[in-house]
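Written out below as structure tokens is the structure these notes cover.
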Amino acid sequence: MSSLNSLVVLAGGASSRMKKNASNQSILSAEEIQQANERSKGLIGLGGNGRPMLDYVLYNAKRAGYEKIYIVIGEQGELFRDFYGGSNGFHGLEVVFAIQRVPSEREKPFGTADALCQAMEQYPELQEKRFTVCNSDNLYSVEAFDLLRNTESPQALITYDRDALEFDSERISRFALVKMDDWNNLIDIIEKPKLDEVGKYRDTKGKLRVSMNIFTFDGKKLFPYLKHCPVHPVRLEKELSTALLGMLGKFSGDMKGIPMAEHVPDLTAKNDIVEVKKYLKEHYSTLEW
């Protein structure tokens, strides 16, 4: 199957948890606190010269061979255009923006399925091709991007070994578990699994695997399920995992789980800023675009 070169980055969320006070807030600078309260998570200055997390996501994506980037931003997302909207692209990447508009009856965006659906409506070519989707506030490796860009499966996701993630156990317990069959085909994604049920989701090697929201999709197959995605009864959002599982009801065995065992830096709350800055300094002292 031919490789793909398009990446959709979901960056239109409200960043609600980032705006809450942190237990270690005293070791953050006033500027870091201000940015955390005012900016989208992917734009908080963490790296060299105050560059944001999204730089590093795009850097790894480019090294893996992606060429066109669709960034899904909110209605107040002009700062994304300031960072990445140059007329000559961004370090050789072609960057375009999709706006996730908030329905008039809501205060916050309508979720990840809605974000991707709006992007595919604004850029209809996504309805006809395969592409990768990821978050703006997780730093996925070059290898993860490369595996999803070159997968021979029609659709795929990275299934991360939960033991390799360098977070505390309480945080890890909140990550969505994935359930695979014996051939690594995705069967289910379980959000916030109950502690006494976790064991039954181990794979054939005895590993618990989680989704960190990085997928390769066939746009033609997925789009109708995004368009008609039901609203989650508790979180009251249209979630990408819901649309994905709905699609698998028709295209069973279509999405392959690609196992990996590595840490994925995650920028969810103010507490994460110090750790992510440290990680970037250790592993990305220079970016050789």
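What follows is calculated from the coordinates using simple rules that are stated; it is not laboratory data. Worth saying up front: this structure is predicted, and the values here are computed from it rather than measured. Every residue, glycine among them, receives a Cβ derived from its backbone with ideal geometry; neighbour counts consider all protein chains shown.
A few comments on the model shown:
- Distance from segment 265-280 to segment 133-186 (C-alpha centre basis), Å: 19 Å
- In a reduced charge model with +1 at each Lys and Arg Cβ and -1 at each Asp and Glu Cβ, segment 2-150 shows a dipole moment near 240 debye about its Cα centre.
- Potential lengthening between V142 and E275 on full extension [0.36 nm per residue; Cα-Cα distance subtracted]: 45.9 nm
- Relative contact order (%) - segment 165-279, alpha-carbon pairs under 8 angstrom, separation at least six: 25 percent
- Net charge, P224 excluded, C-beta distance under 12 Å - Lys, Arg +1, Asp, Glu -1: +3
- Stretching the chain fully between N37 and S23 yields a gain of 3.5 nm (0.36 nm per residue, less the alpha carbon separation).
- Of all DSSP beta bridges in segment 6-283, antiparallel share, percent nearest 5: 45 percent
- Between I258 and L157, I158, T159, the built amide H atoms are under 5 Å apart, and every one of these is 5 or more places off in sequence or on another chain.
- Within segment 6-283: Cβ-based charge dipole about Cα centre, in debye rounded to nearest 20 (Lys, Arg +1; Asp, Glu -1): 240 debye
- Within-15-Å neighbourhood charge of G74 [Cβ basis; K, R +1; D, E -1]: -1
- Each of N271, F215, A243 was scored by the projection of its Cα onto the charge dipole of segment 159-289, and the greatest displacement toward the positive side belongs to A243; charges sit on the C-beta of Lys, Arg, Asp and Glu.
- Structural descriptor for segment 1-93: relative contact order 39 percent, calculated from alpha carbon pairs under 8 angstrom and at least 6 residues apart.
- Dipole of the chain, positive end: most advanced residue of L126, I187, Q34 [Cβ charges, Cα centre]: I187
- Each peptide in 184-197, 208-221, 66-79 was scored by the mean count of other Cβ atoms within 10 Å over its residues; highest first, the order is 208-221, 66-79, 184-197.
- Low-density loop cleavage sites - GluC sites (Glu not before Pro) in segment 243-289, where at most 11 other Cβ are within 10 Å (DSSP): E288
- Inter-label distance for H228 and R101, nm, one decimal - labels placed 7 Å from Cα along Cα-to-Cβ: 2.3 nm
- Mean-position separation - Cα centroids, segment 188-224 and segment 45-73, in angstrom: 25 Å
- Mean separation of Cα contacts under 8 Å (6+ apart) over length of segment 6-283, as relative contact order %: 25 percent
- When the Cα positions of G47, Y70, S23 are compared along the charge dipole of segment 21-74, Y70 comes out farthest toward the positive end, with charges on each C-beta of Lys, Arg, Asp and Glu.
- Pairwise FRET efficiency - E197 versus E152, Cβ, R0 = 51 Å, nearest 0.05: 0.95
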